[in-house]
Amino acid sequence: MAWYRRTSLLVVLLCFSTIFAQDNTCSAMVTQALTVVQEVCAPTGRNQACYGNISIQATPRADVANFSFEQQGDLVDVATVQTLRLRALDQAQNVWGVAMLKLQADLPDTLPGQNVTFLLFGDVQLENAVDPNATGALLQVTASASVNILSQATANGAASGSLAGGEVTIANGRSAASDWLRVRIPETDSYGWVSAAAVSVAGDAGTLNVVDSLDSNIPFTPMQAFYFQTGVGGSSSLACTQAPADGMLIQTPQGVGHINLRANDVDIRLGSTAYVRATPNGQFTVNVLEGQGEVRAFGRTVLVPAGARVNIPVDENMQASGEPDDPEPYEESFFENLPVDILPEEIEIAEAIDEDELAALEADFEAELDARDDPLFDDADDADFSADEEADLSDADSEDFGDAGGDDLGADTGGDFGGDAGGDTGGDFGGDGGGEG
């Protein structure tokens with residue numbers, strides 16, 4: 001019996017030693033991979049994607065030639081990318097896909113050093129949902145004096161908002177004669193028109209798209225709209241306790257207010273750092289690690305403060321299939337190994353928010369929405385996908401992730417990723433949500 005106990009103890013010790021050795025090996029592999037990503041992706045510029053760590057498979061858009069994204073440090077313009085597929089952590093093969101993207105989103109062209117950062121890691125799939133032919137310039141403008149923002153490019157247009165003298169906003173279009181500029185109304189995501197003579201422009205106004213004053217379509221910049229999917233259950237965390245669960249970190253630059261993204265037909269307004277995950281026929285989860293965000297789908301907008309998360313249901317094509325759930329405190333332990341240290345802005349992950357504090361913030365936010373003259377993501381004023389963008393998301397142009405991955409990336413992972421995008425791919429920029437999906 002003593003012999004049996006000693007043998008059993010030896011087996012247990014060997015098992016713990018093996019697990020400890022595996023964790024040590026895994027920890028070293030993750031640390032080395034992230035160190036390499038910091039080094040090779042340092043030169044990444046605006047609207048570029050960087051191959052950080054093996055293995056990543058990239059599919060270019062159909063009309064793109066001379067596309068190379070095969071080894072660490074490779075850079076490509078995100079407008080040329082149709083899909084990215086990252087490999088889950090595999091200690092035996094020493095692979096763990098990591099990619100970094102720097103995006104303009106709706107930041108002005110005159111702030112090229114400030115970008116939105118996407119850091120993808122593990123079993124992640126990303127599909128570009130922006131028509132490259134529909135993008136346009138964004139310029140910063142400053143009001144010379146107090147001026148009304150009008151609903152049309154005419155002095156007879158109704159006032160939709162105003163700019164105070166010295167106030168700064170973004171212009172994304174101009175009249176054919178360049179005498180009127182389409183600008184964002186401060187504190188909203190709506191746009192209106194101001195006389196070009198009433199503002200100073202940082203840059204060449206002639207680079208702005210010529211748009212009809214009645215056209216409400218606001219073009220996205222490269223990869224500002226996308227479909228996103230992660231491995232079920234966080235395969236990296238199952239294989240290695242030192243690795244973060246598969247997902248994506250999104251960080252906006254400091255001092256620029258908020259930016260807007262459309263992910264899986266969900267409109268996200270973000271001025272912070274967030275960690276997102278999404279699984280087919282499951283949930284798209286937005287965790288706000290610092291700052292705050294607003295999330296909208298199917299006509300409902302919710303506030304997500306630091307320390308909270310929100311879940312939005314998605315279907316098999318990764319399209320939003322319902323409105324957001326009520327935000328809730330997140331689980332801090334889930335973020336222990338997130339690679340926030342390699343993001344541009346240093347942050348401290350917030351503690352889980354107190355439920356009473358969260359309830360009070362949500363109540364205040366609901367009252368604020370009700371009180372706004374121009375509600376956030378107003379249906380009449382905010383942007384629809386253009387017809388070209390909807391066409392770009394058709395079955396004919398969308399990648400089937402189940403077939404595109406190749407043998408090294410495993411079996412079919414859920415058919416068309418984004419698929420037909422349901423015709424109306426979210427309606428207004430935060431309008432009625434998932435449309436016909």
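Quick notes
- Tally, over the stretch 271-294, of residues that are modelled with pLDDT of 95 or more, of a type outside the set (Gly, Ala, Ser) and in contact with a Ser or Thr (Cβ under 7 Å, 6 or more places away or on another chain): 7
- Inter-residue pairs, beta-carbon under 6 Å, first farther than 12 Å from GLY282 by Cβ and without any contact (Cβ under 8 Å) to a residue 40 or more places away in the chain and in the stretch 312-330, second of a type in the set (Gly, Ala, Ser) and open to solvent by 20 Å² or more (accessible area, probe 1.4 Å), 6+ apart: PRO329/ALA352
- Residues being over 23 Å from ALA367 (Cα atoms) and surrounded by fewer than 23 Cβ atoms within 10 Å (Cβ to Cβ) - total across the stretch 298-316: 3
- Residue tally, condition farther than 18 Å from SER146 by Cβ and among the charged types (D, E, K, R), over the stretch 160-194: 4
Each row is one residue, and each column tells you yes or no for (1) at pLDDT below 65; (2) surrounded by 14 or more Cβ atoms within 10 Å (Cβ to Cβ); (3) among the aromatic types (Phe, Trp, Tyr); (4) touching a strand residue (DSSP E or B) at 6+ places or on another chain (Cβ under 9 Å).
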residue	(1), (2), (3), (4)
ASP341	no, no, no, no
ALA363	no, no, no, no
ASP373	yes, no, no, yes
ALA387	yes, no, no, no
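- Residue match in the stretch 208-215 (condition: small (Gly, Ala, Ser) and either at pLDDT 90 or above or closer than 30 Å to GLN82 by Cβ (or both)): no
- Counting only residues that are open to solvent by 10 Å² or more (accessible area, probe 1.4 Å) and farther than 23 Å from GLY73 by Cβ, the stretch 92-113 holds 5 of them.
- Near pairs, Cβ below 6 angstrom, 6+ apart or cross-chain, from the stretch 167-188 (within 11 Å of LEU138 (Cβ to Cβ) and at pLDDT below 90) to any residue that is among the hydrophobic types (A, V, I, L, M, F, W, C) and open to solvent by 20 Å² or more (accessible area, probe 1.4 Å): GLY173/VAL211
- Cβ-Cβ distances below 8 Å connect the following pairs, each with a first residue in the stretch 38-50 that is part of a loop (DSSP other than H, G, I, E, B), a second residue that is basic (Lys, Arg), and a separation of six or more residues or different chains: THR44/LYS102; GLY45/LYS102; ARG46/LYS102; ASN47/LYS102.
- If you go through the stretch 153-163 and pick out every residue that is over 31 Å from the mean Cα position of the chain (by Cα) and open to solvent by 50 Å² or more (accessible area, probe 1.4 Å), you end up with 4.
- Residue selected from the stretch 114-134 under the condition over 20 Å from CYS41 (Cβ atoms) and open to solvent by less than 40 Å² (accessible area, probe 1.4 Å), by the criterion modelled with the highest pLDDT: GLU127
- Scan of the stretch 271-280 for residues that are in contact (Cβ under 8 Å) with a residue 60 or more places away in the chain and not in a strand (DSSP E or B), ordered by number: PRO280
- Condition met for LEU111 (part of a strand (DSSP E or B) and within 27 Å of LEU338 (Cβ to Cβ)): no
- Qualifying residue in the stretch 148-171 (condition: closer than 24 Å to TYR51 by Cα and outside any loop (DSSP other than H, G, I, E, B)): no
- Matching residues, the stretch 294-326, being assigned to a loop (DSSP other than H, G, I, E, B) and either closer than 15 Å to SER272 by Cβ or among the acidic types (Asp, Glu) (or both): ALA306, GLY307, ASP315, GLU316, GLU323, ASP325, ASP326
- Across the stretch 69-87, the number of residues qualifying as of a type in the set (S, T, N, Q) and open to solvent by 60 Å² or more (accessible area, probe 1.4 Å) comes to 2.
- Enumeration of residues in the stretch 317-339 that are open to solvent by 30 Å² or more (accessible area, probe 1.4 Å) and among the hydrophobic types (A, V, I, L, M, F, W, C): PHE334
- The set of residues in the stretch 269-286 that are on the phi < 0 side of the Ramachandran plot and either in contact with a helix residue (DSSP H, G or I) (Cβ under 6 Å, 6 or more places away or on another chain) or open to solvent by 10 Å² or more (accessible area, probe 1.4 Å) (or both) comprises ARG269, GLY271, ARG277, THR279, PRO280, GLY282, GLN283, THR285.
The values are calculated or read from the model by the stated rules, or taken from the named source; none is laboratory data. Remember, it's a predicted structure, so these values are computed and weren't measured experimentally. Ideal geometry is used to build each Cβ from the backbone, glycine not excepted, and the neighbour counts take in all protein chains shown. Keep in mind that these areas ignore ligands, DNA and RNA; they rest on the heavy atoms of the full protein, side chains included. Shrake-Rupley method; radii C 1.70, N 1.55, O 1.52, S 1.80 Å.
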